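Just below is one structure, and these are the notes that go with it.
The values are calculated or read from the model by the stated rules, or taken from the named source; none is laboratory data. Computed from a predicted model, the values in this text were never measured in an experiment. Quick reminder, even Gly has a Cβ in these numbers, built from the backbone with ideal geometry, and neighbours come from all protein chains shown.
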Amino acid sequence: MLAPLLRIAHLTKKFGNSTVVDDLSLEIMAGECLGVIGPNGAGKTTTIRVCLGLTGPDAGEIEAFGLPVPAQVREAKKRIGVVTQFDSLDPDFNCAENLRVYGAYFGLPRATIEARVPKLLEFAALQSKAGAKPGELSGGMKRRLSLGRALINDPDLLILDEPTTGLDPQARHLMWERLQNLLHQGKAILLTTHFMDEAERLCDRLIVLDHGRKIAEGTPRGLIAAHLETDVVEVYGEGAAAAGRAHVALAERVETSGETVFFYLRNAKPLLDALADDHSVRYLHRPANLEDLFLKLTGRQIRDDA
Amino acid sequence: MTAPVSMLVSFYATPRLTPSFWPVVMRNLLVWKKLAGPSVLGNIAEPLITLVAFGYGVGSLIGQIDGMPYIQYLASGSIAVSAALAATFEALYSAYSRMAVQKTWDSILNAPVALDDIVFAEMLWAAIKALFSCAAILVVIFLLGISRAPMMLLALPVLGLAGVTFASLGLVFNAVAKGYDFFTYYFTLVITPMTFLSGVYFPITQMPHWLQVVAEVLPLKAAVDLVRPLVLGTWPVDPLRPFLILTAYAACGYYLALVLTRRRFFG
């Protein structure tokens, strides 16, 4: 029986009177990618900070590599790599120096660091930027350097807090490719993200967090199958609202968000036939995806702190 | 107050030190080395200009103070001010940049380095920087012939201790700062008055009696009392008292800085 790399049991964390993480339990096994998705303020970053011993739990137990957190978190951190939500690269150092200096914090021998630096620069696609300082890098380059820096200790577990937020599609795809590469190498990843396509692509398992509580857990496909109809027809245009009212019987569920009406259904043909002659609307028929799941579980309203 | 389990360590626990503080000191040294040229030049040029201008300029009007030429009085006192200023600057502005602006401390905390190690490293680094400045000033003092006493080298460890003291005091204010503006108060209300009360530019016997009593317990006055004779080649008359004052400020300041920094990060 394999022990989980990270185990959180019944974690609760409060700030003043507000409960930020509420009775959360999760486990990550070796080589697994676990995604934690949830709206802003759901408790994702706080959970990570508790796991790293940066803030103490109010209740619950955490173990990383079998070591209790926060009591022995320093020992555990030797095997963890972290990419935080906001880049915290050292602006005074170039890319290679950023990696070297960070390696020193782990007490790694100089020879080990020197052997890893060129490989990590290559991994981050930054060989030609070894001498450039973070201020000269694009957003995607900075994120990749942050990822490279998190790998300097050759960790078994990576904790990535929204690693692709703010990146353009090209930079995001390059990041995904690198993360997939790491998963192939057998590294475990704990990933928080707002991007459902990212979660679907990378994660073996997902946890949906809202108001600090775990409201769903499973594989991306399994979650969609369990909570949603198979198909979605999005209808927009001036006649959308009227169409929503007229065809409500053809779908299992109808939702309106702004100008768009969402029909959730298992058999789309009757609705598509009915819409085909309606020139006041445009529509899109697609399979249900994680975003639909996310919106169903956490609602469409904007969060106060979003 | 939340349940005790939330306390990572008690805020008031004694300092826990591990060898992990050393890479943090080296990080700061590496950054300093990149700018060492202008920095060393400034370290030498600034005291050179001040000593020549005030020492010879004002000194020619004043003649002797406490039985020595004014330039000797000024040089042997202002070197202690330089130690205090260098350490204070590093512990306030530079440490604050690393802590709150660049988030360097946050990224270090994701590695197996604890906050106690970082605070100790910052304190030590600020003291080392103070030593760099003072060593440059001793060179100037030597070159200008203000003192040629080999004993002035013994002033360096004392100046290092003064660096530790003022770094620790600076880190107290760093721990509670919300922005750079806050540090102006510390300089205006604490450091600047202290330099005038510590017998650096003129003897405090000019002052009202009650101010002299206050001055006797100031850390900068203690540093000057130790450093001035050493720079000029004599032993301090009563070294124990100022040494204890400096050490007490350093110990209390460091502990308070640590407690407040823990509160800032984990509170």
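Structure data summary
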{"read-out": "Identity of the residue in segment A:196-215, of a type in the set (A, V, I, L, M, F, W, C) and either surrounded by 19 or more Cβ atoms within 10 Å (Cβ to Cβ) or outside the structural domain of A:I159 (by TED's automatic domain parsing) (or both), that ends up nearest to A:N267 (Cα to Cα)", "value": "A:M196"}
{"read-out": "Filter pass, B:A87 being within 14 Å of chain A (Cβ to nearest Cβ) and under 17 Å from the mean Cα position of the chain (by Cα)", "value": "no"}
{"read-out": "Qualifying residues in segment A:166-221 (those that are of a type in the set (A, V, I, L, M, F, W, C) and over 25 Å from A:P155 (Cβ atoms)) - the one nearest to the chain's Cα centre (by Cα)", "value": "A:M196"}
{"read-out": "Subset of segment B:73-93 (residues that are in contact with a Leu (Cβ under 7 Å, 6 or more places away or on another chain) and farther than 13 Å from B:I137 by Cα)", "value": "B:A84, B:A91"}
{"read-out": "Residue match in segment A:53-64 (condition: closer than 11 Å to A:G212 by Cα, of a type in the set (A, V, I, L, M) and within 14 Å of another protein chain (Cβ to nearest Cβ))", "value": "no"}
{"read-out": "Top-ranked residue of segment A:152-209 - restricted to ones that are assigned to a loop (DSSP other than H, G, I, E, B) and among the hydroxyl-bearing types (S, T, Y), ranked as modelled with the highest pLDDT", "value": "A:T164"}
{"read-out": "Residue that is farthest from the other protein chains (Cβ to nearest Cβ) [pool: residues in segment A:71-122 that are β-branched (V, I, T) and closer than 17 Å to A:M141 by Cα]", "value": "A:V117"}
{"read-out": "Out of B:V113, B:V81, B:V52, B:V24, sole residue that is assigned to a helix (DSSP H, G or I), within 14 Å of another protein chain (Cβ to nearest Cβ) and either touching a strand residue (DSSP E or B) at 6+ places or on another chain (Cβ under 8 Å) or touching a residue at least 24 places away in the same chain (Cβ under 8 Å) (or both)", "value": "B:V24"}
{"read-out": "Test for A:L26: is it under 22 Å from A:L209 (Cα atoms) and either part of a strand (DSSP E or B) or more than 8 Å from chain B (Cβ to nearest Cβ) (or both)", "value": "yes"}
{"read-out": "Failed item in (1) buried (at least 21 other Cβ atoms within 10 Å of the Cβ); (2) touching a Phe, Trp or Tyr at 6+ places or on another chain (Cβ under 9 Å); (3) in a helix (DSSP H, G or I); (4) among the small types (G, A, S), with B:S97 passing the rest", "value": "(1)"}
{"read-out": "Enumeration of residues in segment B:143-173 that are in contact with a Pro (Cβ under 8 Å, 6 or more places away or on another chain) and among the aliphatic types (A, V, I, L, M)", "value": "B:A162, B:L169"}
{"read-out": "Residue list for segment B:27-49, restricted to those being within 8 Å of chain A (Cβ to nearest Cβ) and more than 23 Å from B:Y254 (Cα to Cα)", "value": "B:L30, B:V31, B:K34"}
{"read-out": "Those residues of segment B:104-127 which are surrounded by fewer than 20 Cβ atoms within 10 Å (Cβ to Cβ) and within 21 Å of B:K33 (Cβ to Cβ), in sequence order", "value": "B:L124"}
{"read-out": "From A:R116, A:R143, residue being over 22 Å from the mean Cα position of the chain (by Cα), of a type outside the set (A, V, I, L, M, F, W, C) and surrounded by 20 or more Cβ atoms within 10 Å (Cβ to Cβ)", "value": "A:R116"}
{"read-out": "Tally, over segment A:117-141, of residues that are touching a Lys or Arg at 6+ places or on another chain (Cβ under 9 Å) and within 24 Å of B:Q102 (Cβ to Cβ)", "value": "10"}
